[in-house]
Every structure is written in C-alpha cells, then in structure tokens.
Amino acid sequence: MSGEKVLLVDDERGIREMLKLALELSDFQCIEAAEIHSAYRMITEEQPDIVLLDWMLPGGSGIELLRRLKKDEATRALPVIMLTAKTHEDNVIQGLEVGADDYITKPFAPKELIARMRAILRRTGSDEAASEVRVGELVLEVDNRRVSFSGKALDMGPTEFKLLHFFMQNPERAYSRSQLLDRVWGTNVYVEERTVDVHIRRLRKALQAGNPAYGELVQTVRGTGYRFSSRDLAVL
C-alpha cells in the first residue's frame, strides 16, 4: 500500500513538519492545513484518502469538522484519526461516537500512527481492492486488466483502463481534469490537462463498442470536468 494522500490538520508547524517527513518516507502523499476552514476546502478539492485531525484548532475544534464530515454523504466514509493531547475517557468516547476511526494522544511515535493509518486504510479500502467491478453488463476485472461487455472483451488501452477503474469506484461524483490527473496519472507525472480529454474520448469509444449507450456513462460536467453515472442509462 503506497501513494495514498493524507491530509494533516494541525496548527503546530513543528508537528506538521515532523509528521510530513515521516509520512513521505513511508510513501504517503502529505498535504497540510492549520485550521478547519482550509482543511474542509482541501478535503473537497484534494480528496485525501485519510485525515489526521488535531482536536484543538484555530477557528473551531477538530471535532466540529469531524461532525461536518460525517453529516455530509460525500465525505461520510472518509477515514479520520483524531490527534490530541486530551486523554480523558469522555473525550475519547466523544471522538469515536462522532465518527472518528481511531484516536491517538500526543506525544506519539510516528511509526505507531502510520501503522494505525495502514490498518484503517486496509479495512476501509476493501471495496477498492475488489477483483471485479460491475455496472450493468460492463465488467472490469482488476487482476487480469480485462474489461468486457456481456462477456465480450473490449479493446482498451492501459490509461483508459485506469480511468474506467477510477470512475467505476467513484460514481456520481464530478472530477476536474486536474483531479483526474492526480488520481489516475499520479502527482509525479507532468502532462497537460487536455490529455485527459483525449483519453476520455478513447474511453467512450471503447465503451460504445460494447453498446452505443454505454458511451454515455462518462458524462461531461460543464465548468468542472467529468462524471461517471449510470443513473440515466436506460439499458441498465
């Protein structure tokens, strides 16, 4: 497991610097916020895989942000580990009842935190690790890199396969071109955003070879980017 994006929310710069170094040495991508308003914006824009959230923050507490995340359907499943100097049992219970996946008190060893993160990501990523993803008659087989429609293999390049895999795991949500580049191509790959449009066209063409209507699964969202949706597909 590597390359997951972690949002670290803590107002103490020294803690952020120490944890960022430890996370990056463990192959995580690390983004940072020092208060809840910028943290919430980064969650919606950057879509981290897990959040490390300090309890005491400027502009509001971490528990307030946690409540907001768990009330919103789009962020409800986002794993959150609370970081805090509070050790009272009532505080631990409050954080877990609101929806925190784990709770670690300061000071702590970065290795322990990373071990807990990986355990949570393994658990919450069980769907992501599924060997097969289906939408109607469309089947994507992860292990052998095969896409088929009604049992017939579709001709699809490796980038289109990765795009389709990402879309099928994250349906009904609009992604910008830059978000798709980060999540499908990776943050260390430098390509122009219009490259996404080229591969979207190829993906639609490959899907249409199975059924012309299935090209409509990948929708253009004006002013944003693209969305994968089967909601209005009549043949399903």
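Miscellaneous remarks
- Between segment 1-37 and segment 193-225, the Cα center-to-center distance that results, in Å: 34 Å
- With contacts taken as Cα pairs under 8 Å at a separation of at least 6 residues, segment 132-228 carries a relative contact order of 28 percent.
- DSSP bridge pairs, the chain: antiparallel proportion in percent, nearest 5: 50 percent
- Most mobile listed residue (I93, I114, I81) in the chain, GNM with C-alpha springs under 10 Å: I93
- Contact order for the chain, expressed relative to its length and based on alpha carbon pairs under 8 Å spaced 6+ residues apart, stands at 12 percent.
- Dipole magnitude for the chain: computed about the Cα centre from +1 point charges on Lys and Arg Cβ and -1 point charges on Asp and Glu Cβ, it is near 680 debye.
- Each Lys and Arg Cβ is given +1 and each Asp and Glu Cβ -1; about its Cα centre, segment 5-124 then shows a dipole of about 260 debye.
- Of T84, T195, T159, the one that fluctuates the most in a GNM where the chain has Cα springs shorter than 10 Å: T195
- Highest GNM mean-square fluctuation among V198, V142, V218, for the chain modelled with Cα contacts below 10 Å: V198.
- Normalised by 2.2 N^0.38 Å, where N is the number of residues, the alpha-carbon radius of gyration of the chain equals 1.13.
- Lys/Arg +1, Asp/Glu -1 at C-beta; segment 5-124 dipole; positive extreme among M117, M18, T105: M117
- Helix-only [θ]222 nm of the chain, DSSP H runs n ≥ 4, -39500 (n - 2.57) each, per residue, nearest 500: -12000 deg cm²/dmol
- Qualifying trypsin sites (Lys or Arg not before Pro) for segment 157-201 [loop in DSSP, other Cβ within 10 Å: at most 15]: R173
- For the chain, leaving out every one of the chymotrypsin sites (Phe, Trp or Tyr not before Pro) that falls in a DSSP loop and has at most 15 other Cβ atoms within 10 Å, the longest unbroken run is 1-107.
- Kirkwood Rh in Å, taken over all unlike Cα pairs in segment 132-228: 13.5 Å
- Among the GluC sites (Glu not before Pro) found in segment 189-228, those both in a DSSP coil and sparsely packed, with 15 or fewer other Cβ atoms within 10 Å of their Cβ, are E192, E193.
- Sparse-neighbour loop sites [trypsin sites (Lys or Arg not before Pro); segment 41-113; at most 10 other C-beta within 10 Å; DSSP]: R76
Each reported figure results from applying straightforward, stated rules to the coordinates on display, with no laboratory input. On a predicted model such as this, the values are computed, not experimentally measured, just so you know. Positions of Cβ are backbone-derived with ideal geometry, glycine not excepted, and every protein chain shown enters the neighbour counts.
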